[in-house]
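The structure under discussion appears below in the form of structure tokens.
All of the numbers you see were taken from the coordinates with simple rules; none came from a lab. Since the structure is predicted, the reported quantities are computational estimates derived from the model, not experimental observations. Note that we place each Cβ from the backbone using ideal geometry, even for glycine, and neighbour counts take in every protein chain shown.
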Amino acid sequence: MFLHGLEVDCVIGIWDWERQFKQTLEIDVDLGTDISKAGASDSIDDTIDYKAVTKRIMGLAETGGFLLVEALAEAIARAVLTEFDVHWTRVRINKKSAVRQVREVGVLIERARPVA
């Protein structure tokens, strides 16, 4: 399952001038989960509610007070892995406004639940 192209306006950055206004981040999240039960049942109760995941990500970005996109990416991965039935996740955050000469700049992380 994936959520790509989520645009979130938030205050993020290490410089005082960056913290004076909201910047738009583009967030992509891949969710490693077994969707076979939902595929067989055709029931929303048997899958991950991607709207709920989206709202959680937006809430973190909009109210988290992060300085670095690295910290936001880790917080998103942690939330997804602990709050939803996800075994692994890939989080990509594009902070387009960070470097004027570059079309895209940001971070990409992959995290997995510890094996019990």
- Query: So, with +1 on the Cβ of K and R and -1 on the Cβ of D and E, and no other charges, what is the size of the charge dipole of the chain about its Cα centre, to the nearest 20 debye?
  - Reply: 380 debye
- Message: What distance in nm separates the two pseudo spin-label positions at residue 21 and residue 62, each 7 Å out from Cα along the beta-carbon direction?
- Response: 2.0 nm
- Message: Give me the dipole magnitude in Debye, nearest 20, for the stretch 74-115 about the Cα centre, with unit charges on the beta carbon: positive for Lys and Arg, negative for Asp and Glu.
- Response: 300 debye
- Message: Can you find, among 69, 54, 5, the residue sitting farthest towards the positive end of the charge dipole of the chain, where Lys and Arg contribute +1 and Asp and Glu -1 at Cβ?
- Response: 69
- Query: Considering the values (i) 15.3, 52; (ii) 15.0, 50; (iii) 14.7, 46, which represents Rg and Dmax of the Cα atoms in Å as calculated for the structure under consideration?
  - Reply: (i)
- Relative to the longest principal axis of the C-alpha atoms of the chain, give the angle of the C-alpha long axis of helix 69-83, reported between 0 and 90° and rounded to the nearest 10°. 20 degrees
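Check the chain and count each lysine pair with an alpha-carbon distance under 21 angstrom, considering only pairs eight or more places apart or from different chains.
Values: 22/55; 22/95; 22/96; 37/51; 55/95.
Going through the chain pair by pair, I get 5.
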